[in-house]
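Here is the structure we will look at, set down as structure tokens.
Any read-out appearing in this document is the output of simple, stated calculations on the displayed coordinates, not a laboratory observation. All of these numbers come straight from a predicted model, not from anything done at the bench. For neighbour counting, all protein chains shown are included, and Cβ atoms are generated from backbone atoms with ideal geometry for every residue, glycine included.
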Ligand SMILES: Nc1nc2c(ncn2[C@@H]2O[C@H](COP(=O)(O)OP(=O)(O)OP(=O)(O)O)[C@@H](O)[C@H]2O)c(=O)[nH]1
Ligand SMILES: [Mg+2]
């Protein structure tokens, strides 16, 4: 535990010597709710009218030739053929839905009268894990299942917000801010996906992490109310870093069910990417208990792996039953 406490500090911004003592005591729930009007204003005023990317929808993508489509939906399949037959790749095919399931999953990410997808709120501190309680849920006319959450964590700049933006690309007016500058997301941003689930974009750890990262993110993960799955993002173009390994240890220590997602796969050369993927898979197999054995590969730029991830999220939140293959 002592070792872990020491290690965890690496996830916090490097320059801070120790956690600041709290100067005042306000009920955490009050802090949480107080933060809302200001943040909602800043987000809604900067909304712009955008149009969908041509690959935002699987239905559109499905018009391309099947070989190209499979490469987009299952990016590992294309890489796999470069591997020696001695490499066991069965874990990479554990979650392999059919195109019909992927099409059905897209309905959850498509706005309609009954499926409102929107930014809900932000939080800066979660000392005692304030919840979107059932009463708050009903106040907001949200169903019980909207309280099911999935969250995205990873190093600053790994592509968390970009991936969420790609997942929500069928609702381009839902503003998810991305930036070249590390440390851009400073608060936990909550997005509700109809009555299906809530998705949380987290600030990044490591370089330029917000000063209250440990209080905020680690406390949230540790208390994890209604947290169905944590998606831990690793930059596929640089591979596992020290901070990623610490984050894996953290997920293990908290007993979280989590999934590793390799981002920016468009940026890496194939050989390099395969090396990073196999390294991640080796770590999953030999050092984890709570991690789903299959790493997911995505490019938020090219939409590779994004439809598959939508399907996985719809499935693990209990909204989509897969058809037997
Ligand atoms: N080539 C490529 N660039 C990406 C991809 N995803 C994100 N990026 C770029 O990486 C940078 C960081 O993206 P963000 O999504 O803001 O990263 P983040 O993890 O949310 O960062 P913080 O909020 O600072 O923790 C931006 O310049 C993105 O355009 C990808 O799939 N491919
Ligand atoms: Mg971000």
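Using Cα pairs closer than 8 Å and at least 6 residues apart in sequence, work out the relative contact order for the range 151-257, in percent. Answer for the range 151-257 is 33 percent. Find how many whole Å separate the alpha carbon centroid of the range 142-191 from the alpha carbon centroid of the range 289-325. Between the Cα centres of the range 289-325 and the range 142-191 lies a distance of 16 Å. By the count of other C-beta atoms within 10 Å, a proxy for reagent exposure, 104, 70 are ordered fewest to most as 70, 104. The alpha carbon convex hull volume per residue for the range 250-322 rounds to 104 Å³. With neighbours defined as other Cβ atoms within 10 Å of a residue's Cβ, the residues 289, 87 order from fewest to most as 289, 87. Paramagnetic label reach from residue 222 (point 7 Å along Cα→Cβ; backbone nitrogen cut-off under 18 Å): within the range 188-204, residues 188, 203. Considering only alpha-carbon pairs that sit under 8 angstrom and 6 or more positions apart, the relative contact order computed for the range 184-242 is 22 percent.
Sorting 309, 199 from the fewest to the most surrounding beta carbons within 10 angstrom yields 309, 199.
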